[in-house]
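Read through the structure below, which is laid out as structure tokens, and then see the notes.
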Amino acid sequence: MASGGVWKLIRPCNLASLRYVGSALWQQMAPIAVGAAATSRQFSSDAPPENISRYPVPNKKDLPFDMVELMEEVETKGGFLPNVFKVLAHRPAEFRAFFSYYNELMNKETGGLTKADRELIVVATSIHNQCLYCVVSHSALHRIYSKKPTLADQVIVNYENAELSPRERVMLDFALAVCRSDTITDQHFLSLEEVGFDREDAWDIAAIAAFFAMSNRLAHLTDMRPNAEFYNMGRMPRDKTKGEGEGK
């Protein structure tokens, strides 16, 4: 689908576009359903209230149908619903815009960044911004995509001492420069080019750092709490014999 089609998501109840975003998000969430079959569990609004936000988490019955369908698809296929969906549902129009832009940045198939690269940028910039939710959740996704169970933890403590490749180090140097609002110079672009990134990749790195700076600050505002499931994801090899044939 062309990007123009995705942007229709910001219109109320555009079901086709939300299904597209739901499918893309499911591709990202798919590795998260570790063993347990995807079920027809409902999201948190059907359960006792959780202490995940200082703002009210809406009841499912009070949400627009397009949002409900997206959230149920992500939860059913991924095994649980990340708390960011529940918290941002407090403002439906902004929810739609947020996940539309998220999808454009994190699930695009073009450019020189891998999905693991994108997640590592989120981890590094989110720790600078002291965002618990994004550090925990995107560390989990990085472990899954990279198959490196300790690298995100190293980046969280001090990315300059982490076991990064030269390419990853330059990428994070640039992402942190954007995150800190440093003056961006031609030398930044030259450093990126030396390890294989072009100007469009630089835009992607900067856009991810900028978007998640906003996300980090919304997490601070709402006191958003990460799902318990995120903490252990990707730390041990998945047993592919479990749950085979389920949830298909």
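The values are calculated or read from the model by the stated rules, or taken from the named source; none is laboratory data. Bear in mind the structure is a predicted one, so any value in this text is a computation, not a measurement. In this analysis, Cβ positions are derived from the backbone assuming ideal geometry, glycine residues included, and neighbour counts consider all displayed protein chains. Side chains are part of the model used for accessible areas, which takes the heavy atoms of the whole protein and leaves out ligands, DNA and RNA. Shrake-Rupley method; radii C 1.70, N 1.55, O 1.52, S 1.80 Å.
Couple of notes before you dig in:
- The residues of the stretch 128-149 that are open to solvent by 60 Å² or more (accessible area, probe 1.4 Å), within 19 Å of Ala228 (Cα to Cα) and out of contact with any Lys or Arg (no Cβ under 8 Å at 6 or more places or on another chain) amount to a single one, Gln130.
- Some residue of the stretch 156-170 being open to solvent by less than 10 Å² (accessible area, probe 1.4 Å) and under 22 Å from His220 (Cβ atoms): no
- Residue list for the stretch 167-184, filter: small (Gly, Ala, Ser) and under 17 Å from Asp198 (Cβ atoms): Ala175
- Criterion violated by Ser40 - all others in (1) of a type in the set (S, T, N, Q); (2) at pLDDT 95 or above; (3) over 27 Å from Gln154 (Cα atoms) satisfied: (2)
- Exclusive hit being open to solvent by less than 20 Å² (accessible area, probe 1.4 Å) and farther than 30 Å from Pro56 by Cα, set Asp182, Asp204: Asp204
- Ala89 hydrophobic (A, V, I, L, M, F, W, C) and open to solvent by less than 10 Å² (accessible area, probe 1.4 Å): yes
- Restricting the stretch 207-248 to residues that are open to solvent by 20 Å² or more (accessible area, probe 1.4 Å) and among the hydroxyl-bearing types (Ser, Thr, Tyr), the residue that is modelled with the highest pLDDT is Tyr231.
- As a summary of the residue check, Glu193 satisfies the conditions (1) in contact with a helix residue (DSSP H, G or I) (Cβ under 8 Å, 6 or more places away or on another chain); (2) open to solvent by 60 Å² or more (accessible area, probe 1.4 Å); (3) among the acidic types (Asp, Glu) except for the one numbered (1).
- Candidate set: the stretch 95-118, residues that are more than 24 Å from Leu151 (Cα to Cα) and over 10 Å from the mean Cα position of the chain (by Cα); chosen: the one surrounded by the fewest Cβ atoms within 10 Å (Cβ to Cβ): Thr110
- Highlighted here are the helices (runs of 4 or more DSSP H) found entirely within the stretch 76-165 that include at least 1 residues which are touching a residue at least 12 places away in the same chain (Cβ under 8 Å) and closer than 30 Å to Asp62 by Cα: 83-88, 92-106, 132-146.
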